[in-house]
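**Student:** Below is the structure I would like to discuss, written out as structure tokens.
The values are calculated or read from the model by the stated rules, or taken from the named source; none is laboratory data. Since this is a predicted model, take the numbers as computed values, not measurements. Ideal geometry is used to build each Cβ from the backbone, glycine not excepted, and the neighbour counts take in all protein chains shown. Side chains are part of the model used for accessible areas, which takes the heavy atoms of the whole protein and leaves out ligands, DNA and RNA. Shrake-Rupley method; radii C 1.70, N 1.55, O 1.52, S 1.80 Å.
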Amino acid sequence: MFDTKTYCKRREALKRLVDRGIILLMGNNESPANYPANAYAPFRQDSSFLYFFGQHRDGLVGVIDIDNNSEMLFGDDIDIEDIVWYGSVKSVKDLAMEVGVAHTAPMKELTTLCEKAQKEGRPIHFLPPYRHDTMIQLMDLLHIHPSEQRAKASMTLIKAIVKMRSTKEPQEIAAIERACEVGYAMHTKAMRMVRPGLTERLIAGQVDGTARSLAQGVSFATIFSQHGEIMHGQPSSAVLEDGRLVLCDAGCELDDYCSDNTRTMPVNGHFTQRQMEIYSIVEACHDYVLEVAKPGVKYFDVHLDVCRMMTDRLKELGLMKGDTEEAVRAGAHAMFLPHGLGHMMGMDVHDMENFNQVYVGFDEETRPNLEQFGTNCLRMGRRLEEGFVVTDEPGIYFIPDLIDDWKAKGHCAEYLNFDKIETYKDFGGIRIEDDVLITADGCRFLGTQRIPYHPQELEEYMAKNKENIH
């Protein structure tokens, strides 16, 4: 939580951007795992509510009345039965005072406020809900069916919050840096443990435990798998095998801000020649982004440059062929890179994606290509600005089912050497990902310690830092 002035300044800025009406910022409620008293833990507050009202307690709604220049925090104080189980907590009034809000009211009075505003014909701005309990709450308050709520959410409010949250304040950057330090500890923990004979689940559990020990927890479900070609490959009971690669995509959440890194490592600590050939392409693409990303550059253009670089290098290995520009235009590279180069990051690991990524990673100038496979998964395409935090995460994957599908259809056959690609079906996948801050004249890594990723330093780290496993 930042100081009181931070939240007051943010709400004042939001009032100016939205201009008129009432803003509802719905806090989250507890989310039961399988019955009401067994909720998922730790509790995760809605990020936009946190950004403007700063409090982590469940069952709160923040209201900003622009026309009357007033703010209010709605919520019910907990009773003695809750105190018995969970301990004493601050009153809603005390929580409001901590973030500079003068007025509070019990939750039932929010209905009265909304009804009055609707009768007066005043606009009520709300964000697209992503939790079903919030949808029901909005239906009771505004009489809008859940199936219509995303369409009727306030574009004015969405654009205002995207504008504010996209450019990170110095204190936000410092929080992300702290999260990246824990990210370093998570990934190097995996590197110290990885070896043939251990299970994916054992190592992933230690990675998650590091996040729970040093931070609020993971910022998303950890991806740890020898099947690196599966984008969201969850850790299984599979035993790590000599000669294979294992991909670890993991991050933490600390002080309400996230980290997100990916490393791919050889299970036995040494890359084979074939693994090194593919790894070096991903490494070059990753490092190219660090050279060119700066204010004014479209991330869509950087993505396409990476695709061209990747295509050229894959042609050298005999995996692709034909004219590079035409191959990329046709989307042939998506056989190997079916996702985008990166995404915004901040309070959410995919920052503000609950609004719809079209409004976050794109704008009126830069529109997404939603028709072409692979390119349609690019989450960030707009011009970079100083203070943006984006991920840099190229990858190359050999997905057996995708190879079979495209080969059977003859899709992009003029650019793909399917016979050679067939011999890589057992390869898996490689991704290298880091969190990057756009500065005044370029960009820089976030975090003071760089997780090893250059092949030699990665192999040396794994060799010199093996943990004893009992």
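**Student:** Would you say Glu460 is free of Cβ contacts under 8 Å to residues at least 40 places away in the same chain, acidic (Asp, Glu) and either closer than 30 Å to Ala185 by Cβ or surrounded by fewer than 23 Cβ atoms within 10 Å (Cβ to Cβ) (or both)?
**Tutor:** Taking the combined requirement at face value, the residue satisfies it.
Yes/no matrix, rows are residues, columns are (1) touching a residue at least 60 places away in the same chain (Cβ under 8 Å); (2) under 25 Å from Ile173 (Cβ atoms):
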| site | (1), (2) |
| --- | --- |
| Arg10 | yes, yes |
| Arg16 | no, yes |
| Leu25 | yes, yes |
| Ala33 | no, no |
| Phe49 | no, yes |
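**Student:** Can you pull out the residues in the range 137-151 that are under 25 Å from the mean Cα position of the chain (by Cα) and either surrounded by 15 or more Cβ atoms within 10 Å (Cβ to Cβ) or of a type in the set (Lys, Arg) (or both)?
**Tutor:** Gln149, Arg150
**Student:** Within the range 196-208, can you find the residues that are of a type in the set (Gly, Ala, Ser) and open to solvent by less than 30 Å² (accessible area, probe 1.4 Å)?
**Tutor:** Initial filter on the range 196-208 (of a type in the set (Gly, Ala, Ser)): 197, 204-205.
Ala204 - this is the single residue of the range 196-208 that is of a type in the set (Gly, Ala, Ser) and open to solvent by less than 30 Å² (accessible area, probe 1.4 Å).
**Student:** Which condition breaks for Asn34 when tested against (1) under 27 Å from Lys116 (Cα atoms); (2) out of contact with any strand residue (DSSP E or B) (no Cβ under 7 Å at 6 or more places or on another chain)?
**Tutor:** (1)
**Student:** While we're looking at this one, here's another question. What residue, of Gly346, Gly387, Gly381, is closer than 18 Å to Cys285 by Cβ and either assigned to a strand (DSSP E or B) or at pLDDT 95 or above (or both)?
**Tutor:** Working: Gly346 fails: closer than 18 Å to Cys285 by Cβ; Gly387 fails: closer than 18 Å to Cys285 by Cβ.
On inspection, the qualifying residue turns out to be Gly381.
**Student:** Scan (1) assigned to a helix (DSSP H, G or I); (2) open to solvent by 20 Å² or more (accessible area, probe 1.4 Å) for the single condition Gln372 breaks and write down its number.
**Tutor:** (1)
**Student:** With Thr156, Thr104, Thr134 as the choices, which residue is assigned to a strand (DSSP E or B), surrounded by 13 or more Cβ atoms within 10 Å (Cβ to Cβ) and of a type outside the set (A, V, I, L, M, F, W, C)? Explain how you work it out, then say what you get.
**Tutor:** Numbers: Thr156 fails: assigned to a strand (DSSP E or B); Thr134 fails: assigned to a strand (DSSP E or B).
Answer to the selection: Thr104.
**Student:** What are the pairs with Cβ atoms under 9 angstrom where one residue, in the range 204-216, is in contact (Cβ under 8 Å) with a residue 24 or more places away in the chain and under 21 Å from Gln45 (Cβ atoms) and the other, located anywhere, is open to solvent by 80 Å² or more (accessible area, probe 1.4 Å) and part of a helix (DSSP H, G or I)? Sequence gap at least six, or different chains.
**Tutor:** Listed by first residue and then by second, the contacts come to Ala215/Arg178.
**Student:** Tally time: how many residues in the range 282-331 are over 25 Å from Glu386 (Cβ atoms), open to solvent by less than 20 Å² (accessible area, probe 1.4 Å) and within 29 Å of the chain's Cα centre (by Cα)?
**Tutor:** The total comes to 7.
**Student:** Just one of (1) among the β-branched types (Val, Ile, Thr); (2) without any contact (Cβ under 8 Å) to a residue 12 or more places away in the chain; (3) touching a His at 6+ places or on another chain (Cβ under 7 Å) trips up Thr391, so point out which.
**Tutor:** The single condition Thr391 does not satisfy is (2).
**Student:** Specify the residue that is nearest to Ile144 (Cα to Cα); the eligible residues are those in the range 88-115 that are at pLDDT 90 or above and of a type in the set (Ser, Thr, Tyr).
**Tutor:** Start the filter on the range 88-115 by keeping residues that are at pLDDT 90 or above, which leaves 90-115.
Remaining after also requiring of a type in the set (Ser, Thr, Tyr): 91, 104, 111-112.
Details: Ser91: 31, Thr104: 25, Thr111: 13, Thr112: 16 Å.
Ranking the qualifying residues of the range 88-115, first place goes to Thr111.
**Student:** For a quick check of your reading of the model, give me the residue pairs whose first member lies in the range 300-326 and is farther than 19 Å from Pro368 by Cα and at pLDDT 95 or above, whose second is aromatic (Phe, Trp, Tyr) and open to solvent by 40 Å² or more (accessible area, probe 1.4 Å), with beta-carbon atoms closer than 7 Å and at least 6 apart or on different chains.
**Tutor:** Going by the 7 Å Cβ cut-off, the qualifying pairs are Met309/Tyr288.
**Student:** Further question: When only residues in the range 422-470 that are within 23 Å of Gly233 (Cα to Cα) and of a type in the set (Val, Ile, Thr) count, which is farthest from the chain's Cα centre (by Cα)?
**Tutor:** Per the criteria, the residue is Thr423.
**Student:** When the residues of the range 239-281 are narrowed to those that are among the basic types (Lys, Arg) and either open to solvent by 10 Å² or more (accessible area, probe 1.4 Å) or not in a strand (DSSP E or B) (or both), which ends up nearest to Pro394 (Cα to Cα)?
**Tutor:** Looking at the filtered set, the residue picked out is Arg274.
**Student:** Also, quick follow-up: What number goes with the only condition from (1) in contact with a Gly (Cβ under 6 Å, 6 or more places away or on another chain); (2) open to solvent by 10 Å² or more (accessible area, probe 1.4 Å) that Gly183 does not pass?
**Tutor:** Among (1) in contact with a Gly (Cβ under 6 Å, 6 or more places away or on another chain); (2) open to solvent by 10 Å² or more (accessible area, probe 1.4 Å), the lone unmet condition for Gly183 is (2).
**Student:** Take the residues in the range 213-238 that are touching a helix residue (DSSP H, G or I) at 6+ places or on another chain (Cβ under 8 Å) and assigned to a strand (DSSP E or B), then tell me which one is surrounded by the fewest Cβ atoms within 10 Å (Cβ to Cβ).
**Tutor:** Looking at residues that are touching a helix residue (DSSP H, G or I) at 6+ places or on another chain (Cβ under 8 Å) and assigned to a strand (DSSP E or B), I get Gly217.
**Student:** Residue check: is Val358 under 22 Å from Ile161 (Cβ atoms) and either without any contact (Cβ under 8 Å) to a residue 24 or more places away in the chain or in a helix (DSSP H, G or I) (or both)? First the steps, then the outcome.
**Tutor:** On the way: under 22 Å from Ile161 (Cβ atoms): yes; either without any contact (Cβ under 8 Å) to a residue 24 or more places away in the chain or in a helix (DSSP H, G or I) (or both): yes.
Yes: the conditions hold for Val358.
**Student:** Filter the range 37-62 down to the residues that are in contact with a strand residue (DSSP E or B) (Cβ under 7 Å, 6 or more places away or on another chain) and among the aliphatic types (A, V, I, L, M), then identify the one that is nearest to Gly217 (Cα to Cα).
**Tutor:** The extreme case among them is Ala39.
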